[in-house]
Amino acid sequence: MLILLFFLCYIYLMIGSYIKIFLVKLVLLILTASITQSCSSIKTKTEQVDINDIIYSPKQRVERRIAERGGDSFLKDMFMGESKKNKSYGNQLSINPHLWQASLDILSSTMPLASVDSNSGIIISDWYNLKGKDNERIKISVLVSTQELRADGVKVSIFKQTLKSNTWKNTNINPKIIQKLERKIITKAGSLANTGN
């Protein structure tokens, strides 16, 4: 390939202007074809990922599958005895799975999530501009703190900033909005718990 280009450049210097234009076009065509050929050999693989695979560790995914099946297998129950049978899914995690799932569902349906940690029960959204208000943005953090499904088991914090003279300034948020979001999460968690039993 390189030898061909040198040869074409040598011929370019030796011949007239019409042929020079043709050779320039030919060299550009060869370079474009070689670049296209080298780029086409790159293979990418795109997979659709389940959000639970991202959020939960492999051990927690196994625990979730066991809990969704209704416990361990029949053979394990038979050979391991009653101590393993009475182990509930909520006691395997440090947080309530229904509060956790409800928080994830509600936040991820409206805004991008920046950090999700199922071990500590913390979900933090990314900064999100309100619809039609480019000069206001919010960030929400949710802490699921109990293993039981309780009203005080979830704490929501909302941070709001307003753009003033090219800098973001913190502004107060109405506490009723925080309470409303907490109630929405608790209500959804309750319905998840009822459908799961």
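The values are calculated or read from the model by the stated rules, or taken from the named source; none is laboratory data. Note that this is a predicted model, so its numbers are computed, not measured. Cβ sites come from the backbone with ideal geometry, for glycine too, and all protein chains shown count toward neighbours.
Numbers below:
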read-out: Filtered residues of region 94-113 (kept if surrounded by fewer than 22 Cβ atoms within 10 Å (Cβ to Cβ) and in a helix (DSSP H, G or I)); value: 101, 104, 105, 106, 108
read-out: Count - residues of region 128-159 that are at pLDDT 90 or above and within 17 Å of residue 115 (Cα to Cα); value: 13
read-out: Any hit, region 180-188, residues being in a strand (DSSP E or B), within 22 Å of residue 100 (Cα to Cα) and either without any contact (Cβ under 8 Å) to a residue 24 or more places away in the chain or among the polar types (S, T, N, Q) (or both); value: no
read-out: Members of region 156-172 that are surrounded by fewer than 16 Cβ atoms within 10 Å (Cβ to Cβ) and of a type in the set (S, T, N, Q); value: 157, 162, 165, 166, 167, 170, 171, 172
read-out: Meets criteria (in a helix (DSSP H, G or I) and surrounded by 15 or more Cβ atoms within 10 Å (Cβ to Cβ)) for residue 149; value: no
read-out: Those residues of region 173-186 which are within 23 Å of residue 115 (Cα to Cα) and surrounded by fewer than 16 Cβ atoms within 10 Å (Cβ to Cβ), in sequence order; value: 173, 177, 178, 179, 180, 183, 184
read-out: The listed residue being of a type outside the set (A, V, I, L, M) and at positive phi, out of 166, 96; value: 166
read-out: Filter result for residue 99 (farther than 24 Å from residue 166 by Cβ, touching a residue at least 60 places away in the same chain (Cβ under 8 Å) and either in contact with a Leu (Cβ under 7 Å, 6 or more places away or on another chain) or of a type in the set (S, T, N, Q) (or both)); value: yes
read-out: Condition met for residue 184 (among the basic types (Lys, Arg) and within 26 Å of the chain's Cα centre (by Cα)); value: yes
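One line per residue, one yes/no per condition, for (1) β-branched (Val, Ile, Thr); (2) surrounded by 13 or more Cβ atoms within 10 Å (Cβ to Cβ); (3) outside the structural domain of residue 179 (by TED's automatic domain parsing):
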site: 115; (1), (2), (3): no, no, no
site: 130; (1), (2), (3): no, no, no
site: 134; (1), (2), (3): no, no, no
site: 138; (1), (2), (3): yes, yes, no
site: 142; (1), (2), (3): yes, yes, no
site: 145; (1), (2), (3): no, yes, no
site: 154; (1), (2), (3): yes, yes, no
